[in-house]
Amino acid sequence: MSQFANTQTAPTAPREFGFWLDGAYQGGRELFERSSPGHGVPVTLIPKCTVDDLNAAVAAARRTFEDRSWAGISGAERAGVLLRTAQILRDRRDEIAYWEVLENGKPISQARGEIDHCIACFEVAAGAARLLHGDSFNSLGDNLFGMVLREPVGVVGLITPWNFPFLILCERVPFILASGCTMVVKPSEVTSATTLILGEILADAGLPKGAYNVVTGSGRTIGQALTEHPDVDMLSFTGSTSVGRSVVHAAADTNFKKLGLELGGKNPIIVFADADLEDAADGAAFGISFNTGQCCVSSSRLIVDRRVAKEFEEILARKMKKIVVGDPLDESTQVGAITTSQQNETIMSYIAKGNAEGARLVTGGSQMDLGKGTYIEPTLFSDVTKGMSIATDEIFGPVLSSFHFDTTEEAIHLANDTVYGLAASVWSKNIDTALSVTRRVRAGRFWVNCIMAGGPEMPLGGFKQSGWGREAGVYGVEEYTQVKSVHIDTGKRSHWIK
Ligand code: NAP
């Protein structure tokens, strides 16, 4: 058992990290001090990288891409590195979970579950590395044969948010590596530790130096510089729609780098009168409270059949009151701390707006005083109508807005009445209803009689302003490739000059 398995307390002094360049930690930079949102004590010291550091990281990634030590080896050899990484992650699971909890505030049991998902990501990507292939065209006539090659895009910049620092990282890194690309990662400044630890793990697994580099610092400085870097071939950005928009401008203003964007959501959970209401209420409580609602796929809009709305909201409120909110290092905690004080203020301001704009508070709505850290009660508003701030804006907190519908058409219309299209969930025992809604609601991920289910085999991504492209699974690997059409003349040339 590792030394972290039974660690129940925050460290007495913060751990200092270097940034990860060319297979080793680099120190000597000004440091950012991160405090645990669940405990209010300093836990990590993270370098504030300079643009020179970023240039060195991009140069290392470029050198390793061009020397073919990663892109030029077989898929089987790449798979070997990814599978060894999965094994080391298994061995260091408790340690990674511990740092994830300290910087993010999520419950320790949830963090361990996320690392299990990350291990699966590396295993699925290992399979994809071996199976990645192009296509051929035998239909161009006897004298012309066509091949379609898939080639790695090159150097990838990867920018990740603070809500799932390690999980979102691992839903991208193994798939990027499986394609043969190399990368420079910029995690959120407040949750950089586990992204740095992954550098050690990949090196131990045999990844060539320079294939995985991490620059740390704030988004406005080092993140912006990465989006503008002329020697980065592709940028994968996960974060808010507003920063996503600036990433698109930066790509257009520099080198037209290829973009993958995973952005915000205001995701509907649609409950029909014929659903198992106890199951659906459990799903709705989980969907809005998991990770304190700081989840791009949080189901933050409840769209419930008016015939059962009152009964359903009562069941749901009863369940939400029973959710165990508390110290993230406590094994029994289901919902931990809000990750940043800024996010805490944002959530509380939306709760105030919900009250002021005439929604009915059914349960929750208050800050919780647990003696230390920042916590908010899981909150349900009913009688929410179009035009209220809590109806349209992504709150990114444990605040659920309930709407009522009379017909299936109205439910579909309400579900689609958003600029986002990330995820959706429908609950009905009628297969016609469930499938019709699934086919008509515009969202990249759909759950029928379940919520946030799935594995790294399935692609992730959004419609509309929730983003471009897909991550994970075979689709995720293909995203980091570009296609080359090859035409081979197999006969005597028909001459142009007679
Ligand atoms: P954010 O403010 O957009 O930040 C995301 C990342 O971008 C962080 O690493 C941030 O660094 C960096 N960043 C900030 N400003 C930047 C700039 N001008 N140029 C380049 N990078 C910049 O988002 P967040 O508040 O961390 O995360 C919440 C948002 O992410 C929500 O909207 C949520 O829906 C979305 N999200 C989407 C998905 C998905 O898969 N669709 C998954 C998770 C989260 P610093 O933090 O160091 O400033």
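The values are calculated or read from the model by the stated rules, or taken from the named source; none is laboratory data. Just so it is clear, the structure is predicted and the values come from calculations on it, not from any experiment. Positions of Cβ are backbone-derived with ideal geometry, glycine not excepted, and every protein chain shown enters the neighbour counts. Remember, those area values only see protein heavy atoms, side chains included, never the ligands or the DNA or RNA. Shrake-Rupley method; radii C 1.70, N 1.55, O 1.52, S 1.80 Å.
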Picking from Leu54, Leu45, Leu83, the residue that is under 21 Å from Arg15 (Cα atoms) and among the hydrophobic types (A, V, I, L, M, F, W, C) would be Leu45
Per the filter on the stretch 451-481, residues more than 16 Å from the ligand (Cβ to nearest atom), open to solvent by 40 Å² or more (accessible area, probe 1.4 Å) and in the same structural domain as Ala71 (by TED's automatic domain parsing) are Val474, Glu478
Taking the stretch 428-467 and keeping only residues that are among the acidic types (Asp, Glu) and either modelled with pLDDT under 95 or in a helix (DSSP H, G or I) (or both), one is left with Asp432
The residue that is farthest from Ser179 (Cα to Cα), considering only those in the stretch 230-247 that are out of contact with any strand residue (DSSP E or B) (no Cβ under 6 Å at 6 or more places or on another chain) and within 11 Å of the ligand (Cβ to nearest atom), is Ser242
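So, Asp406, is that one within 16 Å of the ligand (Cβ to nearest atom) and modelled with pLDDT of 95 or more or not? If you could, list the steps in order and put the result at the bottom.
Values: within 16 Å of the ligand (Cβ to nearest atom): no; modelled with pLDDT of 95 or more: yes.
Spelling it out, it is not the case that Asp406 is within 16 Å of the ligand (Cβ to nearest atom) and modelled with pLDDT of 95 or more.
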Note on Ala275: of the conditions (1) closer than 22 Å to Ser466 by Cα; (2) away from the ligand (no atom under 12 Å from the Cβ), unmet is (1)
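Select from the stretch 143-168 the residues that are closer than 19 Å to Ile222 by Cβ, away from the ligand (no atom under 16 Å from the Cβ) and assigned to a loop (DSSP other than H, G, I, E, B) and list them in ascending order. Break it down stepwise before answering.
From the stretch 143-168, those closer than 19 Å to Ile222 by Cβ are 155-162, 165, 168; that's our starting set.
Narrowing further to those that are away from the ligand (no atom under 16 Å from the Cβ): 155.
Correct list: empty.
Identify all residues within the stretch 384-419 that are of a type in the set (A, V, I, L, M) and farther than 20 Å from Gly365 by Cα; write none if there are none. Talk me through it step by step, then tell me what you get.
Initial filter on the stretch 384-419 (of a type in the set (A, V, I, L, M)): 384, 388, 390-391, 395, 399-400, 411-412, 414-415, 419.
Once the filter is applied, which keeps residues that are of a type in the set (A, V, I, L, M) and farther than 20 Å from Gly365 by Cα, the stretch 384-419 yields Ala411, Ile412, Leu414, Ala415, Val419.
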Next on the checklist: Could you go through the stretch 271-287 and let me know if any residue there is closer than 24 Å to Thr339 by Cα, part of a loop (DSSP other than H, G, I, E, B), among the small types (Gly, Ala, Ser) and open to solvent by less than 10 Å² (accessible area, probe 1.4 Å).
Outcome noted: no
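Taking the stated definitions as given, is Pro174 over 20 Å from Asp53 (Cβ atoms) and modelled with pLDDT of 95 or more?
Values: over 20 Å from Asp53 (Cβ atoms): yes; modelled with pLDDT of 95 or more: yes.
In short, yes.
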Reported set for the stretch 315-345 where residues are assigned to a loop (DSSP other than H, G, I, E, B) and buried (at least 17 other Cβ atoms within 10 Å of the Cβ) is Ile323, Gly326, Asp327, Pro328, Leu329, Thr333, Gln334, Gly336, Ala337, Ile338, Thr339, Thr340
Taking the stretch 175-185 and the residues there that are within 16 Å of the ligand (Cβ to nearest atom) and either in contact (Cβ under 8 Å) with a residue 60 or more places away in the chain or surrounded by fewer than 24 Cβ atoms within 10 Å (Cβ to Cβ) (or both), the one that is farthest from Ile159 (Cα to Cα) would be Phe175
Checking Leu202, Leu207, Leu196 in turn, the sole residue that is farther than 22 Å from Glu30 by Cα, in a helix (DSSP H, G or I) and more than 10 Å from the ligand (Cβ to nearest atom) turns out to be Leu202
| task | Scan the stretch 410-422 and give yes if some residue there is open to solvent by 10 Å² or more (accessible area, probe 1.4 Å), aromatic (Phe, Trp, Tyr) and over 22 Å from Gln465 (Cα atoms), otherwise no. | result | no
Within the stretch 248-272, of all residues that are near the ligand (Cβ under 10 Å from one of its atoms) and among the charged types (D, E, K, R), the one nearest to Gly223 (Cα to Cα) is Glu262
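With a cut-off of at least 1 residues that are surrounded by fewer than 18 Cβ atoms within 10 Å (Cβ to Cβ) and touching a helix residue (DSSP H, G or I) at 6+ places or on another chain (Cβ under 9 Å), name the strands (runs of 3 or more DSSP E) lying wholly within the stretch 1-108.
Numbers: elements: 19-21, 24-26, 31-35, 42-47.
Passing ranges, in order: 24-26, 31-35.
Tell me whether the stretch 379-394 contains one or more residues that are out of contact with any Cys (no Cβ under 8 Å at 6 or more places or on another chain) and under 30 Å from Val43 (Cα atoms). Explain how you work it out, then say what you get.
Let us first name the residues in the stretch 379-394 that are out of contact with any Cys (no Cβ under 8 Å at 6 or more places or on another chain), namely 379-394.
From what is left, the residues that are under 30 Å from Val43 (Cα atoms) are 379, 394.
Checked the stretch 379-394: at least one residue is out of contact with any Cys (no Cβ under 8 Å at 6 or more places or on another chain) and under 30 Å from Val43 (Cα atoms).
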Gly219 passes all but one of the listed conditions (1) open to solvent by less than 10 Å² (accessible area, probe 1.4 Å); (2) within 10 Å of the ligand (Cβ to nearest atom); the exception is number (1)
If we keep only residues of the stretch 438-450 that are among the hydrophobic types (A, V, I, L, M, F, W, C) and more than 16 Å from the ligand (Cβ to nearest atom), then the residue most open to solvent (accessible area, probe 1.4 Å) is Val448
